[in-house]
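The values are calculated or read from the model by the stated rules, or taken from the named source; none is laboratory data. Here the structure is a predicted model, which means the values were calculated and not measured. As a convention, Cβ positions derive from the backbone with ideal geometry for all residues, glycine included, and neighbour counts pool all protein chains shown. Please note that ligands, DNA and RNA were not included when accessible areas were found on the heavy atoms of the full protein model with its side chains. Shrake-Rupley method; radii C 1.70, N 1.55, O 1.52, S 1.80 Å.
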Amino acid sequence: MKKTEREPLLLGIDLGTSRTMILSNRGARATVRSVVGYPKDIIGVKLMHHSHMIGEDALKRQSYLDIHYPLEDGVLKEANDQAAEAAKLLIKYAIGLADPKPGDLVYGVLGVPARASMFNKNQLLKITSELMDLSMVVSEPFMAGYEIDQLNNAIIIDIGAGTTDMCAMKGTIPGVDEQVTVLKAGNYIDLVLENLIRENYPDVQMTNNLARKIKEEHAFVGEPAQEVVVNLRAKGKPASFNLTREVRTACETVVTEIVEHLQSLIMVFDPEDQEAALANIHLTGGGSRIRGIETLISTMMKDYGNVVVRQVPDPDYCGGSGALKLAMELPPQYWEQVGHISKSVK
Ligand SMILES: Nc1ncnc2c1ncn2[C@@H]1O[C@H](COP(=O)(O)OP(=O)(O)OP(=O)(O)O)[C@@H](O)[C@H]1O
Ligand SMILES: [Mg+2]
């Protein structure tokens, strides 16, 4: 079949530090952990029957695989061929989850962090040009704003694993001054929590993965609704620990930073629009699930008048859905005006 006979397969891709989401105009909606594993040695090759593994499959086989996270703080690790190769495998795998048929034209919109450099965008577009017929990269928080129809007098805050991206929506494609990337997000909270538990309970065996699990179950800021009591192992024996203080302190580190940046970001709006923008703040990304975060941000901003912070309805897929929505609503000939594009070199 010739490539033009069927409707193109349109994709929205949110390439995250910890997870990659893909959605298509044919109803695909899938997630893969942003991880690629290569066998450490010949035994690994024999056990695996493949040259590499992607996502959870790779994580489960960590003992005999070298694990690569091709994205660091949400962007491709710069000037690193192996990261580029791993990113290509990851994106190719994600596209596969959307089930393209032979002969399909594949057009994709990908989210990149607000601060991604031109070099980084070009590196990514070079990869996507080998995998899709047409691709465009756009700023991640802008995609989230597009998804929830908040393109004017709004602020989007995307709390991911590697970065917190903040974007002032002013009715146009956001420029560099309207976007801020903070390098404190979920991974940073995990690290702080891990260290606090190690310091306060030296007998407890704590790992980064365990700290992340505790956070994902109990994350909160502000006054606790209930105590955080967790069963852990101290010197090999099970025991329960009250980690309320540690969880709260770790989660609040990120909020302080967000509020500081919010206070500067608000000034990119005209003074007469600032009231409307402050009453229209939207949180997305995995970190937006921290309990009490909306209230704490608005309380810390109380000197600024009425500040309303809400969580988007579907924080995991908001960016990816926005990317797909953009791909479906914007005719491809206009893509170049909205983001950076590359055409197929397949
Ligand atoms: N219930 C929860 N409470 C707090 N944090 C959570 C919760 N669930 C997930 N997270 C955290 O959210 C982060 C993942 O969010 P998300 O998938 O938006 O990140 P990402 O897009 O992969 O990263 P980035 O946008 O930085 O590239 C992880 O740090 C994860 O631990
Ligand atoms: Mg993200």
### Message
So for the stretch 166-183 (the condition being assigned by TED's automatic domain parsing to the domain that holds V255, among the polar types (S, T, N, Q) and surrounded by fewer than 23 Cβ atoms within 10 Å (Cβ to Cβ)), does at least one residue qualify?
### Response
yes
#### Entry: Within the stretch 115-128, tally of residues that are of a type in the set (K, R) and either out of contact with any strand residue (DSSP E or B) (no Cβ under 8 Å at 6 or more places or on another chain) or part of a helix (DSSP H, G or I) (or both)
2
### Task
Evaluate the following for I159: is it within 11 Å of ligand 1 (Cβ to nearest atom) and either at pLDDT 95 or above or open to solvent by 40 Å² or more (accessible area, probe 1.4 Å) (or both)?
yes
### Task
For residues that are without any contact (Cβ under 8 Å) to a residue 60 or more places away in the chain and part of a loop (DSSP other than H, G, I, E, B), scanning just the stretch 314-338, find the one that is farthest from P271 (Cα to Cα).
P331
### Query
Does L232 satisfy being more than 27 Å from the chain's Cα centre (by Cα) and open to solvent by less than 60 Å² (accessible area, probe 1.4 Å)?
yes
### Query
Which one of these is over 16 Å from the mean Cα position of the chain (by Cα) and within 16 Å of ligand 2 (Cβ to nearest atom): I155, I173, I148, I214?
I148
#### Entry: Listing of helices (runs of 4 or more DSSP H) fully contained in the stretch 1-100 that carry 3 or more residues being open to solvent by less than 50 Å² (accessible area, probe 1.4 Å) and within 16 Å of ligand 2 (Cβ to nearest atom)
81-97
### Query
Quick one: which of V32, V36 is within 16 Å of ligand 1 (Cβ to nearest atom), farther than 20 Å from V138 by Cβ, of a type in the set (A, V, I, L, M) and touching a Pro at 6+ places or on another chain (Cβ under 9 Å)?
V36
### Message
So the check is Cβ under 9 Å with 6+ separation or different chains; which pairs have a first residue in the stretch 287-304 that's under 13 Å from G186 (Cα atoms) and a second one that's of a type in the set (S, T, N, Q) and open to solvent by less than 30 Å² (accessible area, probe 1.4 Å)?
### Response
G287/T164
### Message
Return the residues of the stretch 274-295 that are more than 22 Å from the chain's Cα centre (by Cα) and surrounded by 18 or more Cβ atoms within 10 Å (Cβ to Cβ); say none if nothing qualifies.
### Response
A277, L278
### Task
Answer with yes or no whether L243 is aliphatic (A, V, I, L, M) and in the same structural domain as V112 (by TED's automatic domain parsing).
no
### Message
What's the number of the only condition in (1) within 16 Å of ligand 2 (Cβ to nearest atom); (2) crowded, with 20+ Cβ neighbours inside 10 Å; (3) closer than 19 Å to A154 by Cβ that L324 fails to meet?
### Response
(3)
### Task
Answer yes or no: is there a residue in the stretch 101-114 that is open to solvent by less than 20 Å² (accessible area, probe 1.4 Å), more than 15 Å from ligand 2 (Cβ to nearest atom), more than 30 Å from Q274 (Cβ to Cβ) and part of a loop (DSSP other than H, G, I, E, B).
yes
### the stretch 142-158: number of residues that are outside any helix (DSSP H, G or I), touching a residue at least 12 places away in the same chain (Cβ under 8 Å) and not polar (S, T, N, Q)
7
